[in-house]
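In what follows, a structure is listed as structure tokens, so that the remarks can point back to it.
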Amino acid sequence: MKKWVFCFVILVSLLFGYGVRETKLNADNEIQLNEGKQAQEASSSMSELHIDADQIYKGDLLLVNKDHPVHPESEETGAVNLSEHLELVNGFRLLDNEIELSPSLARKFADMVKAAKNDGVSHFIVNSGYRNHEEQNQLYAEKGADYALPAGYSEHNLGLSLDIGSTQAEMSQALEGKWLKKNAWRYGFILRYPEDKTAVTGIEFEPWHFRYVGLPHSAVMEKKNFALEEYLDYLKDKKQITITIDDEIYEISYYPITGDTTIPVPAKGGYELSGNNKDGVIVTTQIK
Ligand SMILES: [Zn+2]
């Protein structure tokens, strides 16, 4: 292709916001990513939202690891004992009567296992959910640093994670583990400590530990093969991306937060806000 033709194609692509159509992820969902700032919405459709610094510590995208402890603002306060709320226990078993989860996370998990059941995979058991500091420290003492984190440094303290097992086999071998590894992202969950990301996460492969981040974030992470650490760095670097999942289009924007500040959000609402537990917030808007 002549150079000027190539430049023209690039220019047209930029003007019209066409991304490179990437290969299909699988037969069911088609995902397309556009990276970097897209054409700005008319300013009349946006409004300024005042954000205080605490917003960095709230939401589904908080990064918690050995370098980023759970901030007091982020602690789960809505977890309930599932054995006392059997209406939330649908399609899975509980290891014991101590398991706690927030009702919203339990429902999201139930939606996912319902989909698995439709594929003939149905032997799920929840081995751990929300853990308070005391329970976390006890686990840390038992399991050591490769498999557990001290209190305040575990996603289980955040209430967004659960350890899922199969009643049939080890998760690395079980159909339940294989199904989740392939499909969890469709329901907003991620395998948080994958086998090929131990250098990034600092945690050994845990085929049982799933974390809720929500769609469309789980889809981007699946598409790019990102661990949460990498995904948050990527958003910070790109500032804004657009993802198309089948016919739905989402815009994801990162804003650094230093003290109280304002950020642009759609005036009509319909967006989600999450901090990253580091230095900024992420605004997610479904635009179609
Ligand atoms: Zn876990």
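The values are calculated or read from the model by the stated rules, or taken from the named source; none is laboratory data. Every value quoted in this text rests on a predicted model; they were computed, and no experiment measured them. We place every Cβ from the backbone using ideal geometry, glycine too, and count neighbours over all the protein chains shown.
Taken as a whole, the condition of being within 19 Å of Gly214 (Cα to Cα) and in contact with a Leu (Cβ under 9 Å, 6 or more places away or on another chain) applies to Glu75.
Determine whether Glu73 is assigned to a helix (DSSP H, G or I), loosely packed, with under 13 Cβ neighbours inside 10 Å and either out of contact with any strand residue (DSSP E or B) (no Cβ under 6 Å at 6 or more places or on another chain) or among the polar types (S, T, N, Q) (or both). So Glu73 fails the test. Criterion applied to Val64, Val20, Val5 was being aliphatic (A, V, I, L, M) and modelled with pLDDT of 80 or more, and the one residue passing it is Val64.
For beta carbons closer than 7 Å, sequence separation of 6+ or different chains, a first residue in the stretch 257-286 that is assigned to a loop (DSSP other than H, G, I, E, B) and a second that is small (Gly, Ala, Ser), the qualifying pairs are Ile257/Ala53; Ile257/Gly280; Gly259/Ala53; Asp260/Ala53; Ala267/Ser45; Ala267/Ser47; Asn277/Ser74. Whenever a residue of the stretch 158-178 is among the hydroxyl-bearing types (Ser, Thr, Tyr), its partners that are away from the ligand (no atom under 16 Å from the Cβ) and assigned to a strand (DSSP E or B), lying with C-beta atoms within less than 8 angstrom and at least six residues away or across chains, give the pairs Thr167/Arg93.
The residue list Asn157, Asn127, Asn97, Asn118 contains one member that is at pLDDT 95 or above, touching a helix residue (DSSP H, G or I) at 6+ places or on another chain (Cβ under 7 Å) and of a type in the set (S, T, N, Q), which is Asn97. Put simply, of Gly159, Gly177, Gly165, Gly144 the only residue that is on the phi > 0 side of the Ramachandran plot, out of contact with any His (no Cβ under 8 Å at 6 or more places or on another chain) and buried (at least 16 other Cβ atoms within 10 Å of the Cβ) is Gly159.
Scan the stretch 103-113 and give yes if some residue there is surrounded by fewer than 20 Cβ atoms within 10 Å (Cβ to Cβ), among the small types (Gly, Ala, Ser), touching a Leu at 6+ places or on another chain (Cβ under 9 Å) and part of a loop (DSSP other than H, G, I, E, B), otherwise no. Within the stretch 103-113, not a single residue is surrounded by fewer than 20 Cβ atoms within 10 Å (Cβ to Cβ), among the small types (Gly, Ala, Ser), touching a Leu at 6+ places or on another chain (Cβ under 9 Å) and part of a loop (DSSP other than H, G, I, E, B). Would you mind stating whether Lys197 is out of contact with any Leu (no Cβ under 7 Å at 6 or more places or on another chain), of a type outside the set (A, V, I, L, M, F, W, C) and under 24 Å from Ala148 (Cβ atoms)? Considered against the rule, which asks whether it is out of contact with any Leu (no Cβ under 7 Å at 6 or more places or on another chain), of a type outside the set (A, V, I, L, M, F, W, C) and under 24 Å from Ala148 (Cβ atoms), Lys197 comes out as yes. Here Tyr187 fits the description: in contact (Cβ under 8 Å) with a residue 40 or more places away in the chain and within 21 Å of Gln32 (Cβ to Cβ).
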